[in-house]
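The next block holds one structure in the form of structure tokens; read it before the comments.
The values are calculated or read from the model by the stated rules, or taken from the named source; none is laboratory data. This is a predicted model, so every value here is computed, not measured. Backbone-built Cβ (ideal geometry, glycine too); neighbour counts: all protein chains shown. Just so you know, the surface numbers come from the protein's heavy atoms only, side chains and all, with ligands and any DNA or RNA stripped out. Shrake-Rupley method; radii C 1.70, N 1.55, O 1.52, S 1.80 Å.
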Amino acid sequence: MNQLATHASASVASGGPPTVPHTTSRSTPSRLKRPTPGNVEAPSTHLLPPYLLLSLFSALFVLLYATGSFTAYISLMEVESEGSYRGQTMGDDDVTLYQYLFHHSNGISFKTDGTDDGGGVKYLDERKHPRDNRPFFPRCADEPFLKISHPGNAELGLMEVPRLWVPPGPKHESGDSEIWHKRTGKLMTPDEAAEIGTYSPWGDETIFVAISSYRDWQCRYTVESIFGRASHPERIRVAVVEQIIDGDDKCDVPLSPCESDPNQALCKYADRIDVYTMDAEKAVGPTFARHLGHRMYRGEYFAMQVDAHVSFITDWDVDIIAQFESAENEMAVLTTYLSDVTGSIDPETGKGLRKGRPIMCDSYFEPSVQGLHMRHGQQPEAAPTIHGEPQLEPFWAAGFSFSRGHFVVNVPYDQYLPMIFQGEEISMGMRAFTYGYDFYAPEHSVCFHMYSVGQHQKLRKKVKTFWEHANSFNGVGKVSMRRLNAIIKLLQIDDPNPNEYNKIDEFKYGLGTVRRVEQMYDLLGIHFLEIPQSVEGHLCSFVQGGVMHNFLVPNLRKDGMGIDWTGIKYEFEDPKADKETKEAKKVQKAKAKNLQAKEQLQESIIREIADRLKVMGDPDKTVAELESVVKRVRNGESLVKIQKEYAEKFANPMKQVSRSKIQFTVANLEGVLGKTGTFVVETRPDWAPIGVQRFHKLTDSGYWSEVRFFRVIKNFIAQFGIHGDPKLSKRFRESKPLQDDPVKASNKRGTVTFAISGPNTRTTQLFINFKDNKFLDKQGFSPIGEVVDGMDVVDAIFSGYGEEPGQGKIQNRGNEYLKKEFPKLSYIESAKVI
């Protein structure tokens with residue numbers, strides 16, 4: 001079945017240190033309030049296709065000339081003076097023609113004579129340029145796709161999917177090109193937040209709408225409603241993940257032929273609708289489908305998510321933005337379970353009729369075959385108690401979510417949760433909470449949901465669900481639920497193996513560091529440490545009446561970057577619980593905390609022993625002995641005894657590591673066959689004892705022979721360490737990586753450092769710094785030694801291929817791939833201790 005596009009996949013991002021950092025300084029003002037024309041800097045965006053750029057510029061130029069004003073927002077001469085107008089980057093700031101036309105990054109507009117009028121960016125004047133359907137959105141289909149394994153069953157083959165969008169800039173320190181280089185888990189600054197968000201030619205903030213649809217006939221009606229009821233439909237882009245079989249209605253097919261009714265939204269705004277189609281037989285639930293939806297985001301100012309069977313009210317876009325801005329919180333997420341559409345929209349005017357505010361506050365732990373999980377129940381709806389602004393609530397809802405676009409960039413849906421239905425919302429909600437986002441219930445709804453009740457029951461019951469193919473993915477949901485609970489710390493306290501779950505890309509899809517999930521759990525009375533887990537009753541009394549809102553809103557940061565939870569220690573208790581129940585809960589809570597303390601002590605001892613074992617032995621022996629230790633701890637053996645035994649056995653192995661000098665002979669210098677030279681590395685265990693121990697072990701085993709310098713960037717680094725034998729490379733890659741050494745020395749010219757892809761990820765890859773790269777120090781790159789002789793030889797390592805060799809291909813095919821595709825690579829002939 002056709003997908004959104006059939007581009008070849010791009011290579012997987014390489015690990016190791018980031019690419020050469022930008023040196024351009026860019027100052028971007030906060031956009032907590034809607035900016036006014038004439039005072040806006042350029043948001044980051046991807047390139048438009050060249051033919052659209054030329055067409056757009058030509059149309060604008062002709063239109064301006066025809067009006068007689070002939071005051072261009074930027075002249076072709078000015079564009080050409082900055083760089084190419086054919087979709088290439090322009091200058092150090094990577095500004096495209098698209099940005100020049102509508103969001104000049106210097107905040108300057110130009111007249112026909114090229115002079116500066118002293119003002120800011122000038123958007124199109126509606127009096128001279130009435131709103132129309134001119135193309136200006138970037139399209140997913142115009143970009144190379146990425147190949148990923150099917151998350152539910154790798155045997156189904158690779159899927160081509162859009163890349164997660166990130167603002168332009170150097171790679172993230174992990175080397176993952178799908179993570180924004182400024183995403184640290186910490187709270188964004190106002191300037192960082194302002195880097196994300198595009199505008200229409202008329203100065204309106206753009207809106208991205210994500211929809212996941214499973215064989216839903218109503219999907220195209222929803223899309224029609226989104227555009228048809230919007231005040232400014234030209235600023236909206238819809239991304240649909242469509243899971244269908246042959247014969248199903250398609251989301252982007254108009255209700256009637258465009259020739260007979262060209263005013264349909266599905267006809268007028270077809271260029272603003274991206275549809276990713278996949279076979280329904282391969283569908284694995286809404287969580288993965290919505291992950292694909294997040295992959296279709298392309299830098300829009302706002303991001304919204306709705307179900308495929310929703311109807312909107314008239315002018316919904318202006319309405320929801322006004323509600324968002326009234327919160328005065330850049331980190332606000334307006335979200336709720338939508339009310340039923342029956343009787344909610346005036347059929348004549350399209351205006352909303354409901355006056356109630358549905359709010360998220362009812363949640364509980366539910367057992368299932370996939371495992372115990374937390375889910376949200378039926379939410380209450382009543383007249384608002386907080387007026388003139390949205391109201392704080394504790395939970396996030398998947399059926400309606402409206403936020404700034406950086407929500408998608410910071411908290412993308414987890415790619416590795418196939419077959420999850422219940423549980424996706426607590427996962428996304430708690431992850432977003434730890435990144436600093438706050439959830440609000442809109443004062444009134446701008447759209448309504450068609451539930452399978454009442455007059456719509458027969459219509460909705462006809463719609464199939466992804467569970468129809470559940471037998472094809474037996475057991476997958478259980479693995480996913482374990483990952484989900486482990487990441488947000490909801491595994492039960494008595495779980496015998498709390499560290500055993502799928503940890504792939506946990507940094508990308510895990511928790512932030514702005515807040516701890518325990519803070520929210522404690523506030524709401526979610527007893528995640530108790531056996532069994534439970535939630536305090538009558539939580540809605542704390543939320544719906546505005547108590548939670550009034551308690552937390554005074555802590556909104558002055559810069560509008562979310563609510564500051566520092567020092568918040570309130571713990572909700574069921575106001576209707578009797579005295580006996582409250583006392584029993586106190587006892588249970590104390591037991592849970594004692595059990596948690598014991599578990600933490602056990603884990604601490606296991607980690608301590610694991611660190612020592614990793615330093616001393618090879619990966620296979622380390623794993624076997626560590627498993628033995630874990631078993632002894634779990635069986636209740638004395639922790640003091642085990643700890644003492646290993647303390648005596650290894651007696652601080654770090655002190656046993658001594659300095660050594662290792663001579664490397666390198667061939668193919670400068671890419672010339674037969675040209676060789678030597679350089680000497682002196683290891684420094686005083687800098688990084690764990691790393692030096694591994695480096696010595698690799699050297700003693702003869703690992704370096706025939707190893708290529710596969711990533712060599714002039715004036716930056718020369719990276720090596722993936723063995724030419726894929727089997728040997730795999731052995732080290734799949735063993736538990738080294739713990740990090742604290743950074744005690746700077747990444748100066750000539751220092752040798754292990755590459756990393758996140759915390760505690762060192763294996764066998766290293767790099768030599770060609771120059772002082774001090775910026776790597778703060779990112780956790782700890783040098784293990786330095787070149788003390790032969791730096792001229794290091795400088796002669798061939799750099800002609802740059803970053804072309806793909807790490808995945810090297811790991812799978814080894815030197816067979818490198819010799820064939822990159823024959824000039826310099827490589828290590830031998831390494832010996834001298």
Built amide H within the under 5 Å cut-off of Gly785, gap 5+:
Arg684, Val752
Per residue and in Å³, how big is the convex hull formed by the alpha-carbon atoms of region 152-270?
180 Å³
Cα-derived Rg over Rh, computed across region 348-453 with Rh taken as Kirkwood radius
0.98
Over region 756-802, what per residue volume does the convex hull of the Cα atoms give, in whole Å³?
112 Å³
Per-residue HN-Hα couplings for region 664-673 [Karplus 6.51, -1.76, 1.60; θ = phi - 60°; Hz; x = Gly/Pro]
10, 9, 10, 10, 6, 4, 6, x, 9, 4
Output wanted: per-residue J couplings in Hz (rounded whole) for region 130-135, from phi through Karplus 6.51 cos²θ - 1.76 cosθ + 1.60, θ = phi - 60°, x for Gly and Pro.
x, 4, 9, 9, 5, x
Starting from the amide H of Val712, placed 1.01 Å from N in the peptide plane, find each other amide H under 5 Å away whose residue is 5 or more places distant or on another chain.
Gln719, Gly802
Could you sort Cys447, Cys258 by accessible area so the largest value comes first, with the probe set to 1.4 Å?
Cys258, Cys447
Accessible area, probe 1.4 Å, largest first, for residues Tyr337, Tyr570, Tyr437:
Tyr570, Tyr337, Tyr437
Roughly how many percent of the accessible protein surface of region 740-805 is carbon and sulfur, given a 1.4 Å probe and a whole-percent answer?
46 percent
Quantify how much of the Cα-Cα distance distribution of region 384-442 extends past 15 Å, in percent.
52 percent
May I ask you to order 768-775, 298-305 by the average number of other C-beta atoms within 10 Å around their residues, highest value first?
298-305, 768-775
Please compute the per residue accessible area over region 302-353 with all protein chains in place, 1.4 Å probe, rounded to a whole number of Å².
30 Å²
Sequence of Lys586, Lys355, Lys147 when ordered by accessible area, the most exposed leading, probe 1.4 angstrom:
Lys355, Lys586, Lys147
With T = 10 °C, eta = 1.306 mPa s and Kirkwood Rh from C-alpha pairs, the Stokes-Einstein D of region 500-540 in µm²/s is about 128 µm²/s
The set of residues whose placed amide H lies less than 5 Å from the amide H of Gln765, leaving out same-chain residues fewer than 5 positions away, is Ala755
Could you give the distance between the Cα centres of region 721-766 and region 533-561, to the whole Å?
45 Å
A correct Karplus calculation of ³J(HN,Hα) over region 543-554, with 6.51 cos²θ - 1.76 cosθ + 1.60, θ = phi - 60°, whole Hz and x for Gly and Pro, returns 9, 5, x, x, 4, 4, 4, 5, 6, 9, 4, x
How many percent of the accessible area of region 225-328 is carbon or sulfur, using a 1.4 Å probe?
47 percent
Just read off the accessible area of Ser658 with the full protein assembly in place, 1.4 Å probe, to the nearest 10 Å².
70 Å²
Using a 1.4 Å probe on the protein heavy atoms only, what accessible surface does Ile834 show? Give it in Å² to the nearest 10.
110 Å²
